[in-house]
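> Can you read through this structure? Questions will come right after.
The values are calculated or read from the model by the stated rules, or taken from the named source; none is laboratory data. Computed from a prediction, not measured in an experiment: that's the story for all the values here. Note that each Cβ is placed from the backbone with ideal geometry, even for glycine, and that neighbours are counted across all protein chains shown.
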Amino acid sequence: MATGISEPEAAAGRRVTSSAAHDDAPIGVFDSGLGGLSVLRELRRALPRADWIYVADSGYCPYGGREPKAILERACTITEFLLAQRARLIVVACNAATVAAAEYLRANYPSAFVGMEPAVKPAAAASRSGVIGVLTTTLTARGERLRRLVERHAAGVRVLMQPCPGLVEQVEIGDLDGVQTRALVAQYVDPLLAAGADVLVLGCTHYPFLRRVIAERAGSGVRLIDTGEAVARRTAELAGVQVSGGGELRCFTSGSTEIMQRVGGRLWGAPIHAAALPHH
Ligand code: DGL
């Protein structure tokens, strides 16, 4: 496998051979939890007539501290669920899952996949100080993929990787600006500022929900960049112009449906109904 991850036994032989990509078929989106709703927000703006199925793998969140093999296994399970729901296209709205699974998914399932990558290229282009910080999960920070991205797109720019354990969990419980969240943000952002970073990349889809607190800590001279909009543009290109649903959103979670409705609804800015992800 091109990712360098050994193929999990349970994923072997899982190749799904048919999927109907009709114009009215929904677009599947998944994340380790609620963070992908920040991507879905952009997706919906780009494709207002599409129908969506969102899977929050909150029962297995955070992915950041897990082995890539375990994340790949989760990505396969969710992909199979989305294909069974006739998803015409799947957005991996999770940087960690993209690192662990995108190449494998593309090679083994009959669907197009759009993945997430920290926005290193626009950040490097926007920096005047020549120093950028990448706030991300541990798994994404140590991935080969990010190293290659930096090599290709940030020549001459100092790129500081900042793993941020704990931030995903704060978003999952809906603590977007409490004492604990602010303390973690300060702990991760301050060293980047001290090193001269003038652009910070939000390299995890949960972090756009912390944008206000991160921006406050970073100050007005520092720009924050995330990948949601670029992913939405790419998804719209792949989906084509014929998308013809009613803008419906169906949500599933491997965690608590009550929490997804309460916290997810708050993040989404409107009530959402969450169902249990079957057979997870
Ligand atoms: N939203 C996921 C990402 O973009 C968080 C991963 C995690 O659960 O650690 O990477």
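Conditions tested, residue by residue: (1) surrounded by fewer than 16 Cβ atoms within 10 Å (Cβ to Cβ); (2) acidic (Asp, Glu); (3) more than 23 Å from Asp57 (Cα to Cα).
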{"residue": "Gly143", "(1), (2), (3)": "no, no, no"}
{"residue": "His153", "(1), (2), (3)": "no, no, yes"}
{"residue": "Cys164", "(1), (2), (3)": "no, no, no"}
{"residue": "Gly174", "(1), (2), (3)": "no, no, no"}
{"residue": "Ala183", "(1), (2), (3)": "yes, no, yes"}
{"residue": "Leu192", "(1), (2), (3)": "no, no, yes"}
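> If you go through region 135-144, how many residues are within 12 Å of the ligand (Cβ to nearest atom) and either of a type outside the set (Gly, Ala, Ser) or part of a strand (DSSP E or B) (or both)?
So the count comes out to 6.
> Given (1) more than 22 Å from Glu258 (Cα to Cα); (2) buried (at least 22 other Cβ atoms within 10 Å of the Cβ); (3) more than 12 Å from the ligand (Cβ to nearest atom), identify the lone condition not met by Phe113.
Single failed check for Phe113: (2).
> Sort out which residues of region 1-49 are among the polar types (S, T, N, Q) and at pLDDT below 95, and write them in order of number.
The answer is Thr3, Ser6, Thr17, Ser18, Ser19.
> Another one. Within the set of pairs 6+ apart or on separate chains, which have a first residue in region 251-280 that is under 13 Å from Gly36 (Cβ atoms), a second that is among the aromatic types (Phe, Trp, Tyr), and C-beta atoms under 6 Å apart?
Cys251/Tyr54; Leu267/Phe209
> Is there any pair linking a residue in region 125-148 that is under 20 Å from Gly33 (Cβ atoms) to one that is at pLDDT below 95 and among the charged types (D, E, K, R), with Cβ under 8 Å and at least six apart or on different chains, and which?
Final answer for the pair search is Leu139/Arg66.
> Could you tell me whether any residue of region 57-77 is more than 16 Å from the ligand (Cβ to nearest atom), assigned to a helix (DSSP H, G or I) and modelled with pLDDT of 95 or more?
yes
> What residue, of Tyr104, Tyr54, is away from the ligand (no atom under 16 Å from the Cβ) and modelled with pLDDT of 95 or more?
Step by step, each of Tyr104, Tyr54 is checked, and only Tyr104 is away from the ligand (no atom under 16 Å from the Cβ) and modelled with pLDDT of 95 or more.
> Restricting to region 113-156, name every residue that is over 18 Å from Val222 (Cβ atoms) and more than 20 Å from the chain's Cα centre (by Cα).
The answer is Glu151, Arg152, His153, Ala155, Gly156.
> Taking the options Gly59, Gly156, Gly65, name whichever one is on the phi > 0 side of the Ramachandran plot and not polar (S, T, N, Q).
Gly156
> Kindly indicate whether any position in region 86-100 is away from the ligand (no atom under 16 Å from the Cβ) and free of Cβ contacts under 8 Å to residues at least 12 places away in the same chain.
Looking through region 86-100, none of the residues is away from the ligand (no atom under 16 Å from the Cβ) and free of Cβ contacts under 8 Å to residues at least 12 places away in the same chain.
> Mind listing whichever residues of region 248-267 are more than 14 Å from Gly59 (Cα to Cα) and surrounded by fewer than 20 Cβ atoms within 10 Å (Cβ to Cβ)?
Within region 248-267, Glu248, Leu249, Arg250, Gln261, Arg262, Gly265, Arg266 qualify.
> Has region 222-240 got any residue that is touching a strand residue (DSSP E or B) at 6+ places or on another chain (Cβ under 9 Å), charged (D, E, K, R) and surrounded by fewer than 19 Cβ atoms within 10 Å (Cβ to Cβ)?
Scanning region 222-240, I find at least one residue that is touching a strand residue (DSSP E or B) at 6+ places or on another chain (Cβ under 9 Å), charged (D, E, K, R) and surrounded by fewer than 19 Cβ atoms within 10 Å (Cβ to Cβ), so the answer is yes.
> Residues of region 27-43 being over 9 Å from His206 (Cα atoms), out of contact with any strand residue (DSSP E or B) (no Cβ under 7 Å at 6 or more places or on another chain) and in a helix (DSSP H, G or I), which ones?
Selection gives Arg41, Glu42.
> Next question, about the same structure. Scan region 104-112 and tell me whether some residue there is in a strand (DSSP E or B) and aliphatic (A, V, I, L, M).
The answer is no; no qualifying residue exists.
> Take Val159 and decide whether it is buried (at least 19 other Cβ atoms within 10 Å of the Cβ) and more than 16 Å from the ligand (Cβ to nearest atom).
Yes.
> Something else about it: Among the listed residues Ala154, Ala126, which satisfies the condition of being at pLDDT 95 or above, away from the ligand (no atom under 16 Å from the Cβ) and touching a Lys or Arg at 6+ places or on another chain (Cβ under 9 Å)?
Checking each option against the conditions leaves just Ala126.
> Something else: Run Arg212 past the list (1) more than 30 Å from Pro48 (Cα to Cα); (2) more than 15 Å from the ligand (Cβ to nearest atom); (3) out of contact with any strand residue (DSSP E or B) (no Cβ under 6 Å at 6 or more places or on another chain) and report the number of the one that doesn't hold.
Here Arg212 meets the rest and fails (1).
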